[in-house]
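Structure, as structure tokens:
The values are calculated or read from the model by the stated rules, or taken from the named source; none is laboratory data. Values in this document were obtained by computation on a predicted structure and should not be read as measured data. With ideal geometry, Cβ positions are generated from the backbone for all residues, glycine too; neighbour counts draw on all protein chains shown.
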Amino acid sequence: MNFITKCYYLFRRVWKSVSLYFMLAGPGLVVMIADNDAGGITTYAATGAKYGYHLIWFLLILIPVAYYVQEMTVRLGAVTKRGHAEAIFDGFGSFWGWFSLLDLMLVDWLTLVTEFIGMTAAMRIFGVPEWLTVLAVCLLMGFMVLNGRYWTWEKIALGFCLLNLIYIPAAFLVHPPIGQILADGVIPNFPGGFNGEMFFFLMANIGTTIAPWMLFFQQSSVVDKGMREKDIPWGRFDTWTGAIITVVVAVFIVVLTGTILHGVDIDDAAQASVLVMQTNKYAGAMMAIGLFDAGLLGAICISLASSWAFGEIFGWAHSLNTKIKEAPWFYVSYFFTLVSAGLVVLIPGAPLVLITLFVQVVAVTLLPAALVFLILLLNDRETMGEYCNTRTQNVIGGVIIGTIIVLSTCYGISALFPALFA
Amino acid sequence: MSIAHAVRSLFAGNLEKIRDINRKYATPRISMSLPVRLALLALRVYLLVLVGLLAYKFIITLSR
């Protein structure tokens, strides 16, 4: 009886912890999984097609990299109760504030266009015309933000995050050789040597793991969710879980294309889906569905990141917990960003490839600034108190951020001048 | 109220809002110690170089 009683109370404690986690889970999971957006899926698909399983070890290293950077935004949001944009304005003045805000708007809008590019390309595979995809996505996203509170929006977004796992069964459908994956992918190696092309792929994978909008989004999301200092441990666990899931999905995408398309040049994930369909129609279809889901998740988060940031600075009501009448400008900016980005994709002859290229370079201008401000803000003992960065966190964070800045810059330059890295 | 008047009011209102924001955040809260100043100076130089490269690429592409 004593043993049964102990088991019962243990079960209750565990269930209480699990329930508490599910209440607090969200910002970290959503931002990390949404990081596998349309551009990210293309990067991983191309990596697998180019190098097979040989760069899986590199993706695994990105788990702690993504965690360390995003965890800082959890602490900053929970302690200051302010979004990243407002924190920059307050800490560093209006020049850096406007720079960060306007650059974020531009990057977000351009990235949103690339998400629509990915979604329309994925749906075209199933015969759905672009205009219908854009219309359906705008209506769906409108429903998500207008029909509930932050809680509702978050749970729907988590549902789409779950769909992002579709790459895992898709990879198993093509019967990947597990032994070869472990032999090629676990030990660090550079197939073909460490040349310009390898460098480009490494940088692209890093660039797709840490995006500027992620810093702004997660911090604002933590604030809108109402997380407090005592919720930080759960926020950390949420971020770790998200980082692991996002890299696991990335690995399975690499396994999928590494098995079917090794040696084939891939321009985008939609093309990869069509090619995979020729070998296994279900795996290819799942890949296309996953691409649409990735674009949708990215669009859901990015459009909010901009609206939150603007609302913080202009003093508008800027919460999903408010209705349109209470926060008109918040919703106006949200829908304006969303609809205008969707319409670009429908313009005949729109330079979509140029836009995709431009996104990469403009994102590079914001990423170092956002990361430098993040470290400086986390070292403001007056505001952060006991949640200030420790020396160890500064060293780890500094090394990671310094490396990201250098490699992202090289990536941006290589995008502008490909011949330099040929 | 004419449309032009409404648009002018909207812009005037937002410009005033922007001025308010600039006044509110005129003085950075974080004290500018030497490491902070150096970090922000390095950032400005970095951004100038990157924007310069972007402008160069844009001009080269246009002239082709």
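Overview of results
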quantity	calculated
Failed condition for A:GLU386, given (1) within 13 Å of chain B (Cβ to nearest Cβ); (2) without any contact (Cβ under 8 Å) to a residue 12 or more places away in the chain	(1)
Residue that is in contact with a helix residue (DSSP H, G or I) (Cβ under 7 Å, 6 or more places away or on another chain), at pLDDT 95 or above and in a helix (DSSP H, G or I), where the choices are A:MET105, A:MET123	A:MET123
Subset of the range A:400-410 (residues that are within 18 Å of the chain's Cα centre (by Cα), touching a residue at least 40 places away in the same chain (Cβ under 8 Å) and within 12 Å of chain B (Cβ to nearest Cβ))	A:ILE401, A:SER408
Residue satisfying all of: in the range A:243-284; surrounded by fewer than 18 Cβ atoms within 10 Å (Cβ to Cβ) and among the hydroxyl-bearing types (Ser, Thr, Tyr); farthest from A:ASN36 (Cα to Cα) among these	A:THR279
Odd one out for A:ILE156 among (1) free of Cβ contacts under 8 Å to residues at least 60 places away in the same chain; (2) out of contact with any helix residue (DSSP H, G or I) (no Cβ under 7 Å at 6 or more places or on another chain)	(2)
Helices (runs of 4 or more DSSP H) lying entirely in the range A:321-422 (those with 1 or more residues that are buried (at least 22 other Cβ atoms within 10 Å of the Cβ) and on the phi < 0 side of the Ramachandran plot)	A:328-346, A:352-378, A:391-416
Conditions (1) out of contact with any Leu (no Cβ under 7 Å at 6 or more places or on another chain); (2) surrounded by 23 or more Cβ atoms within 10 Å (Cβ to Cβ); number of the one not met by A:TRP240	(2)
The range A:264-292: number of residues that are within 12 Å of A:ILE41 (Cβ to Cβ) and hydroxyl-bearing (Ser, Thr, Tyr)	1
Subset of the range B:25-41 (residues that are out of contact with any helix residue (DSSP H, G or I) (no Cβ under 8 Å at 6 or more places or on another chain) and part of a helix (DSSP H, G or I))	B:LEU34, B:PRO35, B:ARG37, B:LEU38, B:LEU41
In the range A:201-230, residue nearest to A:GLY83 (Cα to Cα) [restricted to those that are touching a Leu at 6+ places or on another chain (Cβ under 9 Å) and assigned to a loop (DSSP other than H, G, I, E, B)]	A:MET227
Filtered residues of the range A:150-204 (kept if in contact with a His (Cβ under 8 Å, 6 or more places away or on another chain), of a type outside the set (S, T, N, Q) and surrounded by fewer than 18 Cβ atoms within 10 Å (Cβ to Cβ))	A:PHE190, A:PRO191
Residue check for A:VAL134: without any contact (Cβ under 8 Å) to a residue 40 or more places away in the chain and either over 27 Å from A:LYS225 (Cα atoms) or touching a Lys or Arg at 6+ places or on another chain (Cβ under 7 Å) (or both)	no
Output for the range B:37-58, where each listed residue is facing chain A (nearest Cβ under 7 Å) and of a type in the set (Phe, Trp, Tyr)	B:TYR46
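Each row is one residue, and each column tells you yes or no for (1) within 10 Å of chain B (Cβ to nearest Cβ); (2) under 22 Å from B:SER31 (Cα atoms); (3) touching a Gly at 6+ places or on another chain (Cβ under 6 Å); (4) not hydroxyl-bearing (Ser, Thr, Tyr).
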position	(1), (2), (3), (4)
A:VAL74	no, no, yes, yes
A:GLU86	yes, yes, no, yes
A:GLY91	yes, yes, no, yes
A:TRP98	yes, yes, no, yes
A:MET105	no, no, no, yes
A:LEU110	no, no, no, yes
